[in-house]
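The values are calculated or read from the model by the stated rules, or taken from the named source; none is laboratory data. Just so it is clear, the structure is predicted and the values come from calculations on it, not from any experiment. Ideal geometry is used to build each Cβ from the backbone, glycine not excepted, and the neighbour counts take in all protein chains shown. These accessible areas exclude ligands, DNA and RNA; they are computed on the full protein's heavy atoms, side chains included. Shrake-Rupley method; radii C 1.70, N 1.55, O 1.52, S 1.80 Å.
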Amino acid sequence: MFLKEIELASHSVTLIPLRREHACALVEAASDGNLWELWFTSVPSSATIDDYISTALEQQEKGIALPFVIVAKHSGKIIGSTRFCNADPVNRRLEIGYTWYSKSDQRSSINSECKLMLLQHAFEVLDVIAVEFRTHWHNQQSRAAIARLGAKQDGILRNHQKMPDGAYRDTVVFSIINIEWAAVKKNLIFKMNKY
């Protein structure tokens, strides 16, 4: 199996495999900023958390995803979620997505730490040739964060997905390829050392 469950740890956070029993803690984390109110994201609320977890675990069962919860080491609390998704073991590609953090943990070193761990695992353990990132056209904060990682914009998929309200989402696609990984890794470590 391409994606095997693993725990990843950095200075501030640990990524542990998502479980159904994380539901309440994830809703509590998302409540810091009422993140589900951002219409261009898929952050779970108390009404959607069961479906959110079920979908993630079904994708894991199919071998195309590996969802994590993000645990802050200083408090032991869950502060968000992220996952490997859309895994393509034949073509050695995957996506890092469904990433969100409690409002009070945004604009810290946590995103850089999580991305460094995930990218390092993808390129150095799974031996992928490319890692994708996708976000909604209107999610300017996410687009800027992805670009700061060192990912390059591949393009925009127009009318890519139908949203629950019937509107269509334009999806911005970024990627980092294996020959870029060494420079991206250096840059992420440099940024984290500044914190």
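Brief remarks on what is shown
- Test: residue in the range 155-172 that is within 23 Å of HIS121 (Cα to Cα), surrounded by 15 or more Cβ atoms within 10 Å (Cβ to Cβ) and either of a type in the set (A, V, I, L, M) or under 19 Å from the mean Cα position of the chain (by Cα) (or both): no
- Residues that are at pLDDT 95 or above and of a type in the set (Phe, Trp, Tyr), drawn from the range 144-185: PHE174, TRP181
- Of the candidates ARG143, ARG134, the single residue that is in contact with a Gly (Cβ under 7 Å, 6 or more places away or on another chain) and without any contact (Cβ under 8 Å) to a residue 60 or more places away in the chain is ARG134.
- For the range 132-150, the count of residues that are farther than 29 Å from LYS162 by Cα and open to solvent by 40 Å² or more (accessible area, probe 1.4 Å) is zero.
- Looking only at the range 173-195, and only at residues there that are hydrophobic (A, V, I, L, M, F, W, C) and free of Cβ contacts under 8 Å to residues at least 40 places away in the same chain, the one that is most open to solvent (accessible area, probe 1.4 Å): ILE179
- Within the range 53-83, the residues that satisfy the criterion of being over 16 Å from ALA23 (Cα atoms) and in contact with a Pro (Cβ under 8 Å, 6 or more places away or on another chain) are GLN59, GLN60, GLY63, LEU66.
- Restricting the range 93-115 to residues that are among the hydroxyl-bearing types (Ser, Thr, Tyr) and crowded, with 18+ Cβ neighbours inside 10 Å, the residue that is farthest from ILE53 (Cα to Cα) is SER109.
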